[in-house]
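The values are calculated or read from the model by the stated rules, or taken from the named source; none is laboratory data. This one's a predicted model, so the numbers in the text were calculated from it and none came from an experiment. Glycine gets a Cβ as well: all are built from the backbone with ideal geometry, and neighbour counts include every protein chain shown. Quick note on the areas: whole protein, heavy atoms, side chains included, nothing else; ligands and nucleic acids left out. Shrake-Rupley method; radii C 1.70, N 1.55, O 1.52, S 1.80 Å.
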Amino acid sequence: MSMAINYVSDINPSKESWKIIVRVTHLWHVPSYNNPSELQSIELVLMDEKGDKIQASIKRSMIMTYRNLLNEGESYTLMTFGVGLNSGDYKPTSHAYKINFLNITKVEVNRDASIPLY
């Protein structure tokens, strides 16, 4: 059974089975506070075809799994991710929630996506 595509504006913690098509508009590495040569997380801003944006985080334990799968400017289909409050001090998007990559998050390159670059 194929899952329906959701929009970024729909994302909230009420369910676990989201499927979105997004472009990575920004990607940056956050160094560990205690050891700047180690990564604390990889942070991303994702945008869908309607131009809505949401922040996403890849925590330290998942970095090796996802670091070579995601590139700024590329479009992806994402499925099975966590959704949490966007409560940090630095909020690159106005979305109330953010995406958290899990060890079961599926990432597929989507070359057909009609998402503007910025």
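Quick notes on this structure:
- Out of Asp10, Asp52, one residue alone is out of contact with any strand residue (DSSP E or B) (no Cβ under 7 Å at 6 or more places or on another chain) and over 17 Å from Leu85 (Cβ atoms). It is Asp52.
- Matching entry among Thr93, Thr77 (being within 15 Å of the chain's Cα centre (by Cα) and not in a strand (DSSP E or B)): Thr93
- Residue list for region 25-49, filter: over 15 Å from Val107 (Cβ atoms), within 14 Å of the chain's Cα centre (by Cα) and open to solvent by 10 Å² or more (accessible area, probe 1.4 Å): His26, Trp28, His29, Glu43
- Check on Lys50, farther than 15 Å from Lys98 by Cα and basic (Lys, Arg): yes
- Residue selected from region 50-89 under the condition open to solvent by 20 Å² or more (accessible area, probe 1.4 Å) and of a type in the set (A, V, I, L, M, F, W, C), by the criterion farthest from Met3 (Cα to Cα): Met64
- Scanning region 9-19 for residues that are within 23 Å of Leu69 (Cα to Cα) and either loosely packed, with under 12 Cβ neighbours inside 10 Å or β-branched (Val, Ile, Thr) (or both) returns Ile11, Glu16, Ser17.
- Filter result for Val22 (open to solvent by 10 Å² or more (accessible area, probe 1.4 Å) and either farther than 27 Å from Ser114 by Cβ or not charged (D, E, K, R) (or both)): no
- Among all residues of region 106-118, there is none that is aromatic (Phe, Trp, Tyr) and open to solvent by less than 80 Å² (accessible area, probe 1.4 Å).
- Remark: pairs (first residue in region 65-86, over 12 Å from Val107 (Cα atoms); second residue among the hydroxyl-bearing types (Ser, Thr, Tyr); Cβ separation under 6 Å; 6+ apart in sequence or on different chains) = Val83/Tyr97; Asn86/Tyr97.
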